[in-house]
Amino acid sequence: MSATKAVTINDVARAAGVSRQTVTRALNNMPEVSAATRERVVAAAGALNYRPNRAAQGLVRGRETTVGLVVSDLRNPYYPELASELTRKAGLRGWSVVLCDLGSDVDVARRRLDAVAGRVDAMVGHLLAAGEWRGALANTPTVVLDGPLDSEKHAVIAIDYEPGIRAAVDHLRATGHSHIAMVDAGRTPSIRRQIYRRLLREYGLHWSPDSELVAPDTNDGGVRAAARLREQDPEADAVLAFNDVLAVGMLKGFARAHVSVPGDIAVVGIDGLDIGTLVTPELTSIAIDTAKLADTAIELVAALLDGVAPPDERLHRIVTHTLTVRESA
């Protein structure tokens, strides 16, 4: 068999010397199959590393297909928006969605993931490429969001941040801003911060260590980051935040300090969340289309359940952000 060609039920039937209907009955523990035949079918399926069509299994067993959505923190409004879209897209196929909030405790997260993986036909989510989750996902068709395209074990939707961040920097330059700071969400530079640095070098714009801050990606983290930025880099006339939650917090922090946005400093977030339209000034953001992301994820789940196996290139997709200009920049 080719490494990229999925083993089919017909291959198992040929290897076991039975019909495909017998394979279906044997693998689903249905009656009218002898113990010896069932054993032979199971052995053939194991030898061929056969991955059953989980959607078809659901029909045989009389239940709907269930998809597990894994998120890191439901308090971040990005995840409820994604969950809403994914649930809607899954519902169009008659599927249901089970939500798994990993939280910050690794041991608790592992137990939650193990529990959900045993109840669903496929998994979708962020953070699934991390080594500590591999065991839980070994036997579950999985779509990794914002993962590397070189994955040989999972379907992957990679997110290309550069077009959106470049559009934001171009917009800031066009509106007279040349001293752009950034607030990241972790001490290790994120891909977003790496792109920010690269673009500043490319355009010959000001950069110094004082132009970069790190803060928790929470509203309160953004409030505190706004105060620190005015102390640490008072010449900054624009700031790119790691996400919209941080950016909204910064708007609040600047308002408390009587700093005008965008008059004194422009603020740009990333994600394009609905909360950006509920604040004053409304937030300019580098937006991802969560409906398209969810639709692509469900398409890949369907492909996995139909027997397309990694590392097939059909299981690798890329989505990009677009700049949504509002009042804050």
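The values are calculated or read from the model by the stated rules, or taken from the named source; none is laboratory data. Please read these numbers as outputs of a predicted model, since none were measured by experiment. Counting neighbours? That spans all protein chains shown, and the Cβs are built from the backbone with ideal geometry, glycine included.
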Query raised in the report: Of all the residues that make up region 127-146, how many are part of a loop (DSSP other than H, G, I, E, B), at pLDDT 80 or above and crowded, with 21+ Cβ neighbours inside 10 Å?
Result: 1
Report summary line: Pairing a residue in region 75-92 that is assigned by TED's automatic domain parsing to the domain that holds I275 and under 12 Å from D274 (Cα atoms) with any residue that is outside any loop (DSSP other than H, G, I, E, B) and among the charged types (D, E, K, R), where Cβ atoms lie under 7 Å and the two sit 6 or more apart in sequence or on different chains, gives none
Query raised in the report: Quick one: how many residues across region 283-298 are within 17 Å of V70 (Cα to Cα) and not aliphatic (A, V, I, L, M)?
Result: 3
Query - Selected residue (criterion: farthest from G272 (Cα to Cα)) from residues of region 177-204 that are over 26 Å from the mean Cα position of the chain (by Cα) and touching a residue at least 60 places away in the same chain (Cβ under 8 Å) - result: H177
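Going through H206, H179 one at a time, which residue ends up being outside the structural domain of V120 (by TED's automatic domain parsing) and either among the small types (G, A, S) or modelled with pLDDT under 95 (or both)?
Among H206, H179, only H206 is outside the structural domain of V120 (by TED's automatic domain parsing) and either among the small types (G, A, S) or modelled with pLDDT under 95 (or both).
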Query raised in the report: Hey, any hits in region 296-305 for a residue that's under 12 Å from the mean Cα position of the chain (by Cα) and farther than 20 Å from H171 by Cα?
Result: yes
**Report entry** Any hit, region 88-99, residues being in a helix (DSSP H, G or I) and among the hydroxyl-bearing types (S, T, Y)
**Finding:** no
Report summary line: All-but-one check, R228 against (1) under 26 Å from T87 (Cβ atoms); (2) among the basic types (K, R); (3) surrounded by fewer than 16 Cβ atoms within 10 Å (Cβ to Cβ), failing number (1)
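Might you let me know whether region 239-251 holds any residue that is polar (S, T, N, Q) and modelled with pLDDT of 95 or more? Even if it seems obvious, please write down each step before you answer.
Filtering region 239-251 down to residues polar (S, T, N, Q) leaves 243.
Then keep just the ones that are modelled with pLDDT of 95 or more; that gives 243.
Yes: region 239-251 contains one or more residues that are polar (S, T, N, Q) and modelled with pLDDT of 95 or more.
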**Report entry** Some residue of region 259-271 being within 25 Å of the chain's Cα centre (by Cα), surrounded by fewer than 23 Cβ atoms within 10 Å (Cβ to Cβ) and of a type outside the set (K, R)
**Finding:** no
